[in-house]
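The values are calculated or read from the model by the stated rules, or taken from the named source; none is laboratory data. Here the structure is a predicted model, which means the values were calculated and not measured. Note that each Cβ is placed from the backbone with ideal geometry, even for glycine, and that neighbours are counted across all protein chains shown.
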Ligand SMILES: Nc1nc2c(ncn2[C@@H]2O[C@H](COP(=O)(O)OP(=O)(O)OP(=O)(O)O)[C@@H](O)[C@H]2O)c(=O)[nH]1
Ligand SMILES: [Mg+2]
């Protein structure tokens, strides 16, 4: 091919890639064109052509930089946030956590706060509030929040301990020396930390033991539900023990399950990862008083993931 | 995962457009939004970043009317193609029922297509799904550029690259002109509904 035509075709390729936002590819073609132009002697306006190309390359580099440093999770409009809530969460806790997963931490806190009044969601809401505050970068805020809870009567001692262990481990990880007060009678032993899964957007933490599980999908291998996968929300988690509250309406789903049964096919959904594993039914009871009377509480011990 | 409401006889399923950055996922959705007014049931929402690149996802709700007595609602999503948004891609893929893999026909994007397909396989695996079993359609996009003398891969080569083992239906397309957009979506919906039918057996 005539070298002029080759140059022309390289330039039009480069131009197309630029228009499609393929900056690297565009730059490559401009460089190739300019190398070719250098080699040819008899070319009109050689210098000005080369100058024009190098200006194009520079402008591409600027655009590339902008894309590279584009925000990972900017604050969305309220409408955008509402959409995320509704598309990525089924219950109120999941909706709030979805906001956090997409980096909408401030709004997530707004949505998590009322859930502290709910017996079922309280602990998870509390932990996630702490996480969001840490993700925004306000360590002091997170610690203040914990201290306020510590002196109020919102959480049970066990729940507070669980929140404290989570927060302490995160502070330790960040290399922040800030020992949280440990109530008398409790050991400072940190080995039992089981809840250090993080939900910061695009910066998942290394996992320590079992992550926080939001929900699980059980595939039944026998009984009436054989072959089906049913998803359940996890209402409480303590280490590798998961508690599910199952409405009396859904009794049929769990009729075939009894204490000691092995569940060989479970999909675990945590805020930062999904994985498969197995569990054993540690306890199945029908709740006989309170607002959840008649519902079932199913405790699962995770045996492998 | 599809939501199947037995009482209301209603199915809501999720179709995700996957593929490398700049391959034309958003353009597919834009064309559908413009051209299928009767089926589109709400606004198209796009959450973008610098240079119109998808940041979180695009979303478009559709209704297909009744199929065998069941109301079918479809949610279309695109993922962000840029490598660095891998955690978002995974989030958006959660609960997917059918996938359209949009491949870029530009020769210079050959590697990117393959990397993205591998990324899809890995992400599906983390949700316990196999790329060989999930309803999947491939679209070879940007075919219109052949007329402008831009180096494109042949459809055969792209199928060799991407579809040799998968052997899923594949269609040439030009999202910007709208060619192939409808058939691709239709094929994906058919595969998806077939697989949901197996799972839920709603049409007896
Ligand atoms: N010529 C041509 N250009 C196309 C076609 N489809 C998309 N484009 C162009 O390719 C560029 C990228 O298209 P998008 O739809 O934004 O790509 P995307 O896959 O959503 O990109 P990300 O959001 O970054 O993952 C735009 O400039 C489009 O106009 C096509 O069929 N033909
Ligand atoms: Mg896009």
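I'd like to check something: does region A:101-112 contain any residue that is over 20 Å from residue A:135 (Cα atoms) and either more than 11 Å from chain B (Cβ to nearest Cβ) or surrounded by 13 or more Cβ atoms within 10 Å (Cβ to Cβ) (or both)? Before you say what the answer is, go through the steps one by one.
The initial filter retains those residues of region A:101-112 that are over 20 Å from residue A:135 (Cα atoms), namely none.
Checked region A:101-112: no residue is over 20 Å from residue A:135 (Cα atoms) and either more than 11 Å from chain B (Cβ to nearest Cβ) or surrounded by 13 or more Cβ atoms within 10 Å (Cβ to Cβ) (or both).
Which members of region B:9-54 meet the condition of being more than 22 Å from residue B:135 (Cα to Cα), within 9 Å of ligand 2 (Cβ to nearest atom) and part of a strand (DSSP E or B)?
Within region B:9-54, B:46, B:48, B:53, B:54 qualify.
Output the residue which, of all residues in region B:55-81 that are outside any strand (DSSP E or B) and surrounded by 20 or more Cβ atoms within 10 Å (Cβ to Cβ), is farthest from ligand 2 (Cβ to nearest atom). Reasoning before the result, please.
Let us first name the residues in region B:55-81 that are outside any strand (DSSP E or B), namely B:68-69, B:79-81.
From the residues that got through so far, the ones that are surrounded by 20 or more Cβ atoms within 10 Å (Cβ to Cβ) too are B:79-81.
Details: B:79: 8, B:80: 6, B:81: 6 Å.
Checked region B:55-81; the qualifying residue farthest from ligand 2 (Cβ to nearest atom) is B:79.
Can you list the strands (runs of 3 or more DSSP E) lying wholly within region A:261-305 that have 2 or more residues being touching a residue at least 40 places away in the same chain (Cβ under 8 Å) and buried (at least 19 other Cβ atoms within 10 Å of the Cβ)?
Working: elements: A:262-269, A:274-286, A:296-304.
Once the strands (runs of 3 or more DSSP E) in region A:261-305 are filtered for at least 2 residues that are touching a residue at least 40 places away in the same chain (Cβ under 8 Å) and buried (at least 19 other Cβ atoms within 10 Å of the Cβ), what remains is A:262-269, A:296-304.
Scanning region A:21-48 for residues that are in a helix (DSSP H, G or I) and closer than 28 Å to residue B:55 by Cβ, which turns out farthest from the other protein chains (Cβ to nearest Cβ)? Write out each step before concluding.
Keep residues of region A:21-48 that are in a helix (DSSP H, G or I), which gives A:23-39, A:46-48.
Applying the additional criterion that residues be closer than 28 Å to residue B:55 by Cβ yields A:23-30.
Working: A:23: 9, A:24: 9, A:25: 4, A:26: 9, A:27: 11, A:28: 8, A:29: 8, A:30: 13 Å.
Checked region A:21-48; the qualifying residue farthest from the other protein chains (Cβ to nearest Cβ) is A:30.
Please determine, by comparing only the residues of region B:82-93 that are more than 12 Å from ligand 2 (Cβ to nearest atom) and closer than 12 Å to residue B:16 by Cα, which one is nearest to the other protein chains (Cβ to nearest Cβ). Don't jump to the end; show me each part of the working.
Quick first cut of region B:82-93, residues more than 12 Å from ligand 2 (Cβ to nearest atom) only: B:83-84, B:86-87, B:90-91, B:93.
Subset that is closer than 12 Å to residue B:16 by Cα: B:90-91, B:93.
Values: B:90: 8, B:91: 6, B:93: 10 Å.
Filtering first and then ranking leaves B:91.
If I ask for residues that are assigned to a helix (DSSP H, G or I) and under 24 Å from residue B:94 (Cβ atoms), which ones from region A:65-82 would you list? Please lay out each step first, then the result.
First, the residues of region A:65-82 that are assigned to a helix (DSSP H, G or I): A:65-68, A:78-82.
Residues satisfying the conditions are A:78, A:79, A:80, A:81, A:82.
Here is a list: A:62, A:85, A:51. Which entry is more than 8 Å from every other protein chain (Cβ to nearest Cβ), part of a helix (DSSP H, G or I) and under 30 Å from residue A:111 (Cβ atoms)? Explain how you work it out, then say what you get.
Details: A:62 fails: under 30 Å from residue A:111 (Cβ atoms); A:51 fails: under 30 Å from residue A:111 (Cβ atoms).
Only one candidate qualifies: A:85.
Residue A:32: within 16 Å of ligand 1 (Cβ to nearest atom), buried (at least 16 other Cβ atoms within 10 Å of the Cβ), under 25 Å from residue B:109 (Cα atoms) and not assigned by TED's automatic domain parsing to the domain that holds residue A:115, yes or no? Please lay out each step first, then the result.
Values: within 16 Å of ligand 1 (Cβ to nearest atom): no; buried (at least 16 other Cβ atoms within 10 Å of the Cβ): yes; under 25 Å from residue B:109 (Cα atoms): yes; not assigned by TED's automatic domain parsing to the domain that holds residue A:115: yes.
In short, no.
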